[in-house]
Amino acid sequence: MKKLWQRKTFVRLFSLFCIGLGLVLLFQKINLQGRDLLEAFQRFSLKSLLLMLGVTFVQLTFQITRLWVLCPQPAGVSWAQAANTYISGQFIGNFVLSQAGHAVKIALLRKDKDDKGRKIDAAEATAVVLVDKVLDVGILVALAVLSALQVSVGLPQVDWWEKGIILLIGIPFLGVALRAIVRDLRQRFPKLRQWFHKFKSGLAVIRNPLQIRNAAVMDLGDWFTECLLLQMLCTAQGHVLSLPQLIICLFILNLGLTVPTTMANLGTYEAALAFSLNGMGVPLAQSIVIATMFHAYQLFSLPVWMFGQKLSHRFSPKLGFAVPVPIPQERPKVTSK
């Protein structure tokens, strides 16, 4: 039985069966009508849909820039190469295989020594991609913890002295708990210990602290832009959530995506986000519509960006990868006696 459970195919099929059974029982219990979903979709205007697509492109810009600033400066990686690396990796990771997306990023980030800068080998590219991913997840966890504390402190039924106790005890307790969990996991799982060793090696590659700071700023812009997109979808349905509520919804969403079961996480993505939105007071029909539209923007913005990038390379090479222009050498002046 233990060997059977360790097989990934069995785990995924069993997870799909449980999700499907849960959705069937849920829909039978809530008696969700298709008319409610149709009315929720009709609340989106064309102007708002185009505006939200623009917000999604701004989010992609933050994500690309985060990877770009983590690249070693002496290598001379252009922003266009970082964009091609990130978008291609995300596209493969969403539509083909999640783990393959990281391999694509590593392959595209490698470069030989040229006029722009030094070489980036596979180990260094792996370190940069790993730090980019860990920084993204770490900032989300930190924002979710702060948001959970703010939501609990902001409840009107909580007295002022109780709020102080929550802040004084909650923050140190969460810090100690996270440290204990990480230490316990490192002792129990040798693979996780190797993963931490690789992460430390990745930090050693990024020697300039300003790179981490700039990447953290770009990552905050990424998450806040994603919150803005989710807020615009909720506002179109007549619901306004606070920033801590939006961050908690995104945190629950990413927790639901830790076990990929389908291509592009179809179904799992919508169920996790709809569950969190419904917990924040949004009706279930509107929560499903918001989650579906949110996932659609995250998915289809990638091929749209890739199509625009291909057009820019074809019709205007100056907008694509920068080509170094040779500097003509000055001719020696001939002086006559």
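Would you check if Leu220 is among the aliphatic types (A, V, I, L, M), within 16 Å of Thr56 (Cβ to Cβ), at pLDDT 90 or above and in a helix (DSSP H, G or I)?
Numbers: among the aliphatic types (A, V, I, L, M): yes; within 16 Å of Thr56 (Cβ to Cβ): no; at pLDDT 90 or above: yes; in a helix (DSSP H, G or I): yes.
The answer is no for Leu220.
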Q) Of all residues in the stretch 245-295 being over 15 Å from Leu230 (Cα atoms) and of a type in the set (Ser, Thr, Tyr), which is modelled with the highest pLDDT? A) Thr268
Q: Tell me, yes or no, whether the stretch 113-121 has at least one residue that is part of a helix (DSSP H, G or I), among the basic types (Lys, Arg) and within 21 Å of Ile212 (Cβ to Cβ).
A: no
Q: Just one of (1) modelled with pLDDT under 75; (2) exposed (fewer than 13 other Cβ atoms within 10 Å of the Cβ); (3) outside any loop (DSSP other than H, G, I, E, B) trips up Leu210, so point out which.
A: (1)
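The values are calculated or read from the model by the stated rules, or taken from the named source; none is laboratory data. What you see is a predicted model; the values in this text were computed from it and never measured. Note that we place each Cβ from the backbone using ideal geometry, even for glycine, and neighbour counts take in every protein chain shown.
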